[in-house]
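Quick notes on the structure that follows.
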Amino acid sequence: MTAAPTPTALGLIERIQGRQARIGVVGLGYAGLPLALRFAECGFAVSGFDIDGAKVAAINAGRSPVHGIPDARVAAARIAAHEDFAAARDCDAILICVPTPIGPHKEPILEPVRQTLASLAPHLRPGHAIALESTTYPGTTEDFILPALLAAGLRVGVDAFALYSPEREDPGNPDGTFGRVPKLVAGATPACLQVGMALYGAATPHLVPMTSLAAAELTKLYENVFRAVNIGLVNELKRISHALDIDVHEVIDAAQTKPFGFMPFRPGPGLGGHCIPVDPYYLAWKARELGVPSDFVELAGRVNDAMPPYVVGRLRDALDARGIALRGAKVLLLGLAYKPGVPDTRESPAIEIFRLLEEKRVEIAYHDPLVPHFPVTRRLHGQAPGLESQELTPALLAAQDAVLVVTPQPGIDFALVRDHAPLVVDTRGVYRDAAVRVDGPDQDAPWAELRGAELRGAGSRASPCRPDAGPAMAHAPAHATALADAPRPCTAQGALHPEMPGDFPSAPHRAYHRVIQA
């Protein structure tokens with residue numbers, strides 16, 4: 001039987017239902033700003049808090065500080081943004097969306113949460129609902145928010161209300177996810193949960209009530225660790241496929257024709273963003289504290305962390321096969337952001353690849369249409385090299401020893417890259433049907449003499465290696481027809497698939513491919 005709400009809870013719920021409550025959001029980044037906008041668009045007055053003065057000034061001027069969110073939407077929301085927390089006293093609910101990173105030894109860093117609560121402490125009052133939305137290990141809300149409320153003389157579930165409701169944002173999605181994706185809600189007490197359901201229910205109809213704070217915290221970790229583990233598996237499969245001279249993307253495409261029991265994940269140069277590279281270590285840290293093994297989770301983290309060095313190794317081998325040393329080579333990185341469509345470089349594998357190449361004294365340039373200046377990052381010890389995104393031109397491409405595709409940002413002309421770069425090392429499977437038909441000089445001519453020649457046909461759907469769908473395919477199922485239409489490994493004389501033997505030939509070979517998977 002559900003306990004009756006306390007008078008304070010009833011008063012807060014009535015204010016929420018009447019749209020009289022003021023909502024405060026701490027952290028106005030990729031998670032906090034969409035949350036603040038949604039509440040404003042649902043008729044609430046919203047206050048925002050952030051330690052970044054430039055972000056606060058932009059929001060107050062009606063400009064969006066987050067890529068993909070239009071200025072007009074921010075201007076219409078009329079969010080009152082602040083650097084200090086004094087205005088938090090006027091809020092009825094305060095939603096905390098601050099970073100929860102890891103340290104150099106993969107340990108949780110909850111200083112942003114601790115500092116936020118310290119800043120809020122002088123302004124906490126009866127009737128406040130405090131919700132943590134940041135991804136974290138089970139027990140965080142109970143260990144941090146409950147003591148903060150008690151220290152302010154507030155009884156949890158009676159005078160004030162503690163919630164955990166993890167964000168499920170998709171950076172780069174202009175529509176956001178809050179209001180469209182189900183929202184987990186957990187409270188420290190039944191009264192806290194009732195307040196939480198009323199609060200979030202005023203902005204989205206899709207709520208999932210949880211029985212405890214820790215269950216909701218673990219659910220959020222599980223969602224992200226699920227992705228990290230499966231990406232680790234497919235990254236390991238990629239390395240095995242390279243050793244077998246098999247195109248891993250063909251394998252994945254074929255496997256996903258099974259309509260049950262399979263979910264496709266794609267390999268890449270490593271994990272990026274705030275959640276997926278970080279969250280496995282939050283779960284592993286908590287498991288160690290409990291004395292429970294988490295070998296599978298930690299192994300996936302190690303596999304994914306090893307991908308940038310693996311990519312650099314593939315680049316080194318491809319250059320070495322051409323008689324070019326990695327040290328002193330000219331390499332152009334395509335894409336610094338951690339995923340396509342965003343300027344976000346947090347934990348981006350491109351930054352780690354840059355660091356590894358810089359250690360080898362590689363001459364590095366980069367092109368990313370969404371990242372005009374190389375950012376300050378933790379991986380580079382808070383430093384930023386004085387690099388700017390270079391315009392992608394035939395001359396720039398031809399001047400490189402290699403072009404390394406890290407993040408395929410929208411707007412990058414990959415046909416231009418293929419046509420003018422002497423070597424492309426592709427970490428994302430951009431050049432799926434990259435077979436090259438060799439015409440012209442004798443097959444025995446040294447490849448070095450032809451390094452600058454334009455090898456046409458890369459990416460052509462008219463490749464002689466693609467079988468036609470003949471009578472045998474007339475009654476085949478749709479997925480089989482799709483496979484027949486897909487690019488096939490080339491076996492015709494004078495053509496090579498990217499992962500066929502000869503990828504790194506022991507002797508000069510005329511048909512040495514210019515596109516290498518990594």
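Observations on the model:
- Apolar share of the accessible surface for region 288-391: 52 percent from carbon plus sulfur atoms, 1.4 Å probe.
- Simple spin-label estimate for A399 and Y222 in nanometres, 7 Å along Cα-Cβ: 5.4
- Carbon plus sulfur fraction of accessible area for region 80-138, probe 1.4 Å, in percent: 58
- Rg followed by Dmax, in Å, when region 270-416 is reduced to its Cα trace: 16.8, 58
- Distance in nm between pseudo-label sites at L10 and R125 (7 Å out along the Cβ direction from Cα): 2.2
- Region 49-133, accessible area per residue, ligands and nucleic acids excluded (1.4 Å, Å²): 44
- Ellipsoid semi-axes in whole angstrom, largest first, where each is sqrt(5λ) of the Cα gyration tensor of region 1-123: 25, 22, 13
- Centre separation in Å (Cα based) which lies between region 205-274 and region 279-350: 16
- Cα-Cα P(r), region 350-405, percent of pairs per 10 Å interval: 20, 57, 21, 1
- In this calculation the C-beta distance from R327 to D413 is compared with R0 = 25 Å, giving a FRET efficiency of 0.25.
- Counting only protein heavy atoms and a 1.4 Å probe, region 221-301 has 48 square angstrom of accessible area per residue.
- Largest first, the residues M197, M307 sort by 1.4 Å accessible area into M197, M307.
- Note on Y30: accessible area approximately 50 square angstrom, rounded to 10, probe 1.4 Å, nucleic acids and ligands left out.
- Taking the centroid of alpha carbons for each part, region 98-158 and region 1-31 are 18 Å apart.
- In the frame of its principal axes, region 1-62 has Cα extents of 48, 19, 16 Å, reported largest first.
- Stokes-Einstein D in µm²/s, Kirkwood radius over Cα pairs - region 73-216 at 20 °C with 1.002 mPa s viscosity: 135
The values are calculated or read from the model by the stated rules, or taken from the named source; none is laboratory data. No experiment lies behind these values; they were computed from the predicted model shown. For neighbour counting, all protein chains shown are included, and Cβ atoms are generated from backbone atoms with ideal geometry for every residue, glycine included. Side chains are part of the model used for accessible areas, which takes the heavy atoms of the whole protein and leaves out ligands, DNA and RNA. Shrake-Rupley method; radii C 1.70, N 1.55, O 1.52, S 1.80 Å.
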